[in-house]
Amino acid sequence: MAAGISVLEGWQPRTALLHTVVIHLGTNGTFTTEQFATIMQLLAKAQRVVFVNDHMDRPWEPGNNAVIASGVAHYPNARLVNWYALSTTVPNVFWADDIA
C-alpha cells in the first residue's frame with residue numbers, strides 16, 4: 001500500500017487531468033482507513049476513483065475489503081468493483097496462491 005501511495009504522490013501534479021483512476025491494492029498487506037483517506041486526498045481532482053476489492057487467502061482480506069467498502073461510501077467520486085463477490089462465481093481464474 002505504501003508503494004502505491006508513493007506512486008500517487010508522484011502523480012499528484014497531474015491528477016487534475018485524470019478522469020478515472022483504478023486502484024487495486026492490498027493483497028500484500030493491510031489497507032488502513034488512513035491510507036484510503038490519503039489516496040482520496042491525492043486523487044481529489046480525479047472525476048472517478050474506482051477501487052477493486054481483494055480476493056486472496058490472507059488474514060487481512062476481510063479487513064481490507066471492509067476499509068474499501070466503508071471508504072467508497074464516504075466519497076462521492078469513489079466507486080467499488082466487488083471483485084471478491086465476482087471471483088467466487090468464476091472458476092479457474094486464480095494462480096496456485098489463490099490470488100487473481
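The values are calculated or read from the model by the stated rules, or taken from the named source; none is laboratory data. Quick caveat, the model's predicted, so the values are computed rather than measured. Cβ placement follows ideal geometry from the backbone for every residue including glycine, while neighbour counts extend to all protein chains displayed. Ligands, DNA and RNA are excluded from the accessible area calculation, which covers all protein heavy atoms including side chains. Shrake-Rupley method; radii C 1.70, N 1.55, O 1.52, S 1.80 Å.
Could you tell me which numbered condition G10 fails, if it satisfies all but one of (1) crowded, with 17+ Cβ neighbours inside 10 Å; (2) assigned to a helix (DSSP H, G or I)?
Status for G10: all satisfied but (1).
With respect to A85, determine if the residue is more than 27 Å from G10 (Cβ to Cβ), within 10 Å of the chain's Cα centre (by Cα) and not in a loop (DSSP other than H, G, I, E, B). Spell out how you get there, then give the answer.
Numbers: more than 27 Å from G10 (Cβ to Cβ): yes; within 10 Å of the chain's Cα centre (by Cα): no; not in a loop (DSSP other than H, G, I, E, B): yes.
No.
Please specify each residue of segment 17-33 satisfying the condition of being in contact (Cβ under 8 Å) with a residue 24 or more places away in the chain and in a helix (DSSP H, G or I).
Of everything in segment 17-33, just one residue is in contact (Cβ under 8 Å) with a residue 24 or more places away in the chain and in a helix (DSSP H, G or I), namely T33.
Would you pick out the residues in segment 34-48 that are surrounded by 13 or more Cβ atoms within 10 Å (Cβ to Cβ) and part of a helix (DSSP H, G or I)?
Passing the criteria: Q35, F36, A37, T38, I39, M40, L42.
Do we find that H24 is open to solvent by 20 Å² or more (accessible area, probe 1.4 Å), touching a strand residue (DSSP E or B) at 6+ places or on another chain (Cβ under 8 Å) and within 23 Å of T89 (Cβ to Cβ) in this structure? It would help to see each step written out before you state the result.
Details: open to solvent by 20 Å² or more (accessible area, probe 1.4 Å): yes; touching a strand residue (DSSP E or B) at 6+ places or on another chain (Cβ under 8 Å): yes; within 23 Å of T89 (Cβ to Cβ): yes.
Criteria met by H24.
Of the residues T27, T33, T89, which single one is among the β-branched types (V, I, T) and touching a helix residue (DSSP H, G or I) at 6+ places or on another chain (Cβ under 6 Å)?
T33
Residue check: is L18 within 11 Å of the chain's Cα centre (by Cα) and open to solvent by 30 Å² or more (accessible area, probe 1.4 Å)?
For L18, the condition - within 11 Å of the chain's Cα centre (by Cα) and open to solvent by 30 Å² or more (accessible area, probe 1.4 Å) - is not met.
Here's a check for you: in segment 59-88, which residue that is touching a strand residue (DSSP E or B) at 6+ places or on another chain (Cβ under 6 Å) and not charged (D, E, K, R) is surrounded by the most Cβ atoms within 10 Å (Cβ to Cβ)?
Going through the qualifying residues, I end up with I68.
Report, ordered by the first and then the second residue, all pairs with beta carbons closer than 9 Å, sequence separation of six or more or different chains, a first member in segment 34-48 that is more than 19 Å from N64 (Cα to Cα), and a second member that is open to solvent by 40 Å² or more (accessible area, probe 1.4 Å) and of a type in the set (V, I, T).
Every condition considered, the pairs that remain are A46/T20; Q47/T20; R48/T20.
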